[in-house]
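The values are calculated or read from the model by the stated rules, or taken from the named source; none is laboratory data. Note that the structure is predicted; figures quoted are calculated from it, not measured. Heads up, the Cβs are rebuilt from the backbone with ideal geometry, glycines too, and the neighbour counts pull from every protein chain shown. Accessible surface areas use protein heavy atoms only, side chains included; no ligands, DNA or RNA. Shrake-Rupley method; radii C 1.70, N 1.55, O 1.52, S 1.80 Å.
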Amino acid sequence: QVQLVESGGGLVQPGESLRLSCAASGIIFRLNVMAWYRQAPGKQRELVALITTGGSTNYADSVKGRFTISREQETNTLYLQMNRLKPEDTAVYYCTAARPPNMFWGQGTQVTVSS
């Protein structure tokens, strides 16, 4: 049974930082492309950051230079370090694991950036 369990969300003020974690089980972690998506109220879900099996990364333009995605193979954990947070980063953040033809989603963690 595949499980992706996100944690680390919360309420922070603009300019502060958060680190999201995603604990993966039931998959061969090192063979999956891992990513973070987010969905803000009233908006479509969007890709935030992606990391390949080889460690290459891609970011949405809106988070480049502020967010860092990483993966820890030994513990099957995906991370998203989010710095200099802005109110527009407020959303539910989802962890995904993809190995064609399958793609799995976590349940999401809420991030709220507000003063």
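A few remarks follow.
- So GLU16, is it of a type in the set (D, E, K, R), open to solvent by less than 40 Å² (accessible area, probe 1.4 Å) and modelled with pLDDT of 95 or more: no
- Residue in region 62-82 that is modelled with pLDDT of 95 or more, loosely packed, with under 13 Cβ neighbours inside 10 Å and touching a strand residue (DSSP E or B) at 6+ places or on another chain (Cβ under 6 Å) present: no
- Residue list for region 92-115, filter: buried (at least 22 other Cβ atoms within 10 Å of the Cβ) and hydrophobic (A, V, I, L, M, F, W, C): CYS95, ALA97, VAL111
- Looking across region 19-40 at every residue that is closer than 13 Å to ASN102 by Cβ and surrounded by fewer than 21 Cβ atoms within 10 Å (Cβ to Cβ), the one that is modelled with the highest pLDDT is identified as VAL33.
Residues checked against (1) of a type in the set (D, E, K, R); (2) out of contact with any Ser or Thr (no Cβ under 7 Å at 6 or more places or on another chain):
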site	(1), (2)
GLN44	no, yes
ALA49	no, no
THR52	no, yes
SER62	no, yes
GLY65	no, yes
SER70	no, yes
GLN73	no, yes
ASP89	yes, yes
THR109	no, no
